[in-house]
1. Only Cα pairs under 8 Å and at least 6 apart count here; give the relative contact order of the chain as a rounded whole percent.
2. Put +1 on the Cβ of each Lys and Arg and -1 on the Cβ of each Asp and Glu in the chain; which of Gly347, Pro276, Phe288 then has its Cα farthest toward the positive end of the dipole?
3. Kindly put Thr182, Thr370 in sequence by how many other C-beta atoms sit within 10 Å of each C-beta, fewest to most.
4. State, as an integer percentage, the relative contact order of segment 215-345 based on alpha-carbon contacts under 8 Å between residues 6 or more apart.
5. Please tell me which of these pairs span more than 28 angstrom C-alpha to C-alpha: Lys118/Lys166; Lys17/Lys198; Lys13/Lys221; Lys8/Lys295; Lys119/Lys232; Lys232/Lys271?
6. Within 10 Å of each candidate Cβ there may be at most 11 other Cβ atoms; applying that plus a DSSP loop requirement, which GluC sites (Glu not before Pro) in segment 257-297 survive?
7. Below 10 angstrom from the Cβ of Lys8, what's the summed charge of the other residues (Lys, Arg +1; Asp, Glu -1)?
8. Taking the Cα-to-Cβ direction at Ala109 and at Arg206 and moving 7 Å from each Cα, how far apart do the two end points lie in nm?
Amino acid sequence: MARKKIIKAERTKKLEKEMLTCTLCGFCKSVCPYFEDNQWDPSVARGKVILAYGLSRGEIPADDSVVERLAQCTTCKDCERRCPSNIQVVEIVEAARADLAEAGRSHPAHKRIAKNIKKTKNPYGEVGKVDLGADIKQAEVGYFVGCTARYRMPEVAKHTISILRKLGVDFTLVDEVCCGSTLKRTGQDERLGEQLMKTNVEAVKRLGIKKLLFTCAGCLKMFREEYPKHVKVDFETEHLVEFLAKKDLRLRPLKRNVTYHDPCHIGRHLKIYDAPRKLIKMIPEAAFVEMKENKDLARCCGGGGGVRSADPAAAQRIASRRVKSASEVADLLVTSCPFCVTNLRYGNELVKADVEVRDIAEVVDDLLIT
Ligand code: SF4
Ligand code: SF4
């Protein structure tokens, strides 16, 4: 039976004025990947704003249905782009999730993530060491691998390491722990999140790193936007695509139609749009084609914001639509986040579209001439 509980909701209370600017116009319905999936109002931005407002006023109990609806957000930010009142929906959803978490009313899948991180320092609960074949040493360039590349897609990390070696970059890996992205997105354990940030920044500083590279969109967003709010970040942060787009790469030809999926967390959140496109256009003979919905308009892959763990079936259906769009214009779908790659591939299991999904690090390394 659903538990009924009025919670303190201190974080959402601070956003009440903002929530009141929602005119219920429903423009967010046209873009929300979750609403597209289930056509249910509590799952779209305005529905979540109403639920969060109800929680903050003590008018809605934090029962299971509210917990479930507030877990239905990939934090893709597409609604914010469309919202005439400019409501910061992701901030509201994350605040409501954090209020629910404090009251012990998080989605069970999100609770599991926090438990795993506490125990193993990664959201997957992996305990074994993964040997990526590179050292931790003093160097001015560092590579922050991230938990998804380390434990679910080590090929992305290995290709990145190979690229850096081919380019003669003196780099180091970092004695890293989870960046804290999944905790922040799902509202879990803020104190643990801060500990992770401090541990990572200290590990980077110990190695004398001046520039830290990333292949994961979620990790980079954390270091660029969230870390500076809690800890001093006095080194540069770059996604691999930003780093490589500035170089004059010699690449072998690739006769394929290639399209690009903008991961929400480096796309709409960090506005990194040109670098990956510049990089793909460096590939001789590759025909780059945009999907209809690209850059700011890009559709979400469906996996972020804790959705892949809380509602894998929805994550898969949302991803399948994106893969299908890609297959209408190209036979190779490239993206720049291992988490998006895994979810897009998962989506393609459903529709079996005639398109290969690859991370940009895999593609560049395969073609890079030394
Ligand atoms: S677009 Fe903005 S103002 Fe309109 S219903 Fe959605 S959240 Fe409310
Ligand atoms: S951030 Fe994305 S998933 Fe969340 S409510 Fe807005 S459009 Fe929907």
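1. Rounded, it is 17 percent for the chain.
2. Gly347
3. Thr370, Thr182
4. 30 percent
5. Lys118/Lys166; Lys17/Lys198; Lys8/Lys295
6. Counting only loop positions with at most 11 other Cβ atoms within 10 Å, the GluC sites (Glu not before Pro) in segment 257-297 are Glu285.
7. Net local charge, Lys8 excluded: -1.
8. 3.5 nm
Bear in mind these aren't lab numbers, they're just calculated from the coordinates by the rules spelled out. Nothing here was measured: the structure is a model prediction, and the numbers come from that model. Please note: Cβ atoms are built from the backbone with ideal geometry, for glycine as well, and neighbour counts cover all protein chains shown.
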